[in-house]
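Each remark here refers to the structure printed beneath this line.
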Amino acid sequence: MTECLQQETETLLQLSQVSSITSVFFGGGTPSLAHPSTIAVILETVSKRASLSDKAEVTLEVNPTPEGMSKLEDYYHAGVNRFSIGVQSLRDDDLIFLGRDHSSLQALQTIEEARRLCPGRVSVDVMFGRPKQSVESWKRELSELLNMCDDHVSLYQLTLERGTQLFKQVQQGKASAPLEDVTAEMYECAKSQLRQHGFLQYEVSNFARHNAVSHHNMSYWKGRQYVGVGPGAHGRFVPRGEGGVIREARTQTLEPDVWIREVKQRGHGTRRRIQLHHLEQLEEVLVMGMRMTKGINHKHWELFSPQLKLHEAFGTSINVRELLQSGQLILDDRSLRCSWDGLALLDSILPTLLVELQTQILQRG
């Protein structure tokens, strides 16, 4: 696995011909199962192929188990300078219910150790909308977490995924998720509590204080190029090594054994390559950019769409005007963005914006 990760990193960096890497994120699955030497080898490979500055953000997702915690220092010495800890809940019953293999105490101990190693650069993931969870119990839990956490919090609403144990239990009536208006209240309460603790919301699910934002995730939301390495990874880059000029959406083979075989045969395990044409790229810029509280500024939009400005794309539509008049959406000299109320309704706002973008692009042929 280590050899193949190294090989694929080399191949894809060569294809993308990028000169510098601003961030590296070890995520998806459980990277904290990897030996710290694997992390060191991959970072070494990156810095051989491209410039990886000492200031580059290098994040590792950690499961807060005793095993995960025991390796934090070795990961730090391997080159990791930011940890993202999958706390999910501080209620042991819920952790069992969610199928997690750590306890709330272990989660808090892992946060403490990570903060000792990387003060100001530790993020925690926490989940709301869990079965049997009330607004009051959520407030207490978040309060407990905010007394222990560092400067970055990611909040996620539990979604029922088909094929999981939880989905089956809800289907059978053995468990029930909170109602939509209850989860909406949980989200609003969390935003208020986080604000009281000095956190600023900078994206739908992400909050930071002391400007400790995730630079890696900001790159996704700003539509920058990125290389995805490993089974099931996604990437977005222009394959200049093959003479390409159009950005591609690339997906690596998901099954690890098949992926290993492919990497050994041809240096990478890319399963699918889709060229992103003008409209598709603008759709991604729109969908990702609107997740940020600052939205999409005019200069940023013009990097991708020099001909069709933001005001021209969205300022003339009756449907978009309704969103502007209702106060959910803002389009001014600064940017196109959601209001605070609008951000919570982003999923229902985006379809209107996407339809309008498609209409404007097709009209201009």
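Data for the structure
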read-out: Phi to ³J(HN,Hα) by Karplus 6.51 cos²θ - 1.76 cosθ + 1.60 over the stretch 360-365, Hz, x for Gly, Pro; value: 5, 5, 5, 5, 8, x
read-out: Per residue accessible area of the stretch 151-202, 1.4 Å probe, in Å²; value: 62 Å²
read-out: Structure-based [θ]222 nm, the chain - -39500 (n - 2.57) summed over DSSP H runs of at least 4, per residue, nearest 500; value: -13500 deg cm²/dmol
read-out: Separation between Cα centres of the stretch 249-276 and the stretch 304-331, rounded to whole Å; value: 39 Å
read-out: Surface/4 of the Cα convex hull for the stretch 208-365, nm²; value: 11.7 nm²
read-out: Positive minus negative residues near I260 (Lys, Arg vs Asp, Glu; Cβ under 11 Å); value: -3
read-out: Simple label model, 7 Å out from Cα along Cβ direction - S143 to H35, nm; value: 4.7 nm
read-out: Amide N of the stretch 340-365 lying under 15 Å from the label point, which is placed 7 angstrom from the Cα of E312 along Cα→Cβ; value: 357-365
read-out: For the chain: span of alpha carbons on each principal axis (Å, largest first); value: 58, 53, 44
read-out: Backbone HN-Hα couplings from phi across the stretch 3-9 [Karplus 6.51/-1.76/1.60, Hz, Gly and Pro as x]; value: 4, 6, 4, 5, 4, 5, 4
read-out: E322/K48 FRET efficiency (R0 51 Å; Cβ-Cβ; nearest 0.05); value: 0.45
read-out: Amide hydrogen neighbours beyond the local backbone of V62, cut-off 5 Å, H modeled; value: S84, I85, G86
read-out: Using distinct alpha-carbon pairs, which all enter the 1/r mean, Kirkwood radius of the stretch 19-136 in Å; value: 15.1 Å
read-out: Calculated from backbone phi, Karplus (6.51, -1.76, 1.60) coupling profile of the stretch 20-36 in Hz, x at Gly/Pro; value: 9, 10, 9, 7, 10, 10, 8, x, x, x, 10, x, 6, 7, 6, 6, x
read-out: Cβ-defined net charge surrounding P306, 13 Å radius [Lys, Arg +1; Asp, Glu -1]; value: +1
read-out: Rounded percent of accessible protein surface that carbon and sulfur make up, the stretch 160-267, 1.4 Å probe; value: 50 percent
read-out: Pair S20, S176: separation of 7 Å Cα→Cβ label points (nm); value: 5.6 nm
read-out: Cα-Cα over 22 Å, subset of K48/K299; K222/K299; K139/K191; K132/K168; K132/K174; value: K48/K299
read-out: Mean separation of Cα contacts under 8 Å (6+ apart) over length of the chain, as relative contact order %; value: 13 percent
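The values are calculated or read from the model by the stated rules, or taken from the named source; none is laboratory data. Quick caveat: nothing in here was measured; it's all calculated off a predicted structure. A quick note on method: Cβ atoms are made from the backbone with ideal geometry, for glycine too, and the neighbour counts reach across all protein chains shown. With ligands, DNA and RNA removed, areas are computed over all heavy atoms of the protein, side chains included. Shrake-Rupley method; radii C 1.70, N 1.55, O 1.52, S 1.80 Å.
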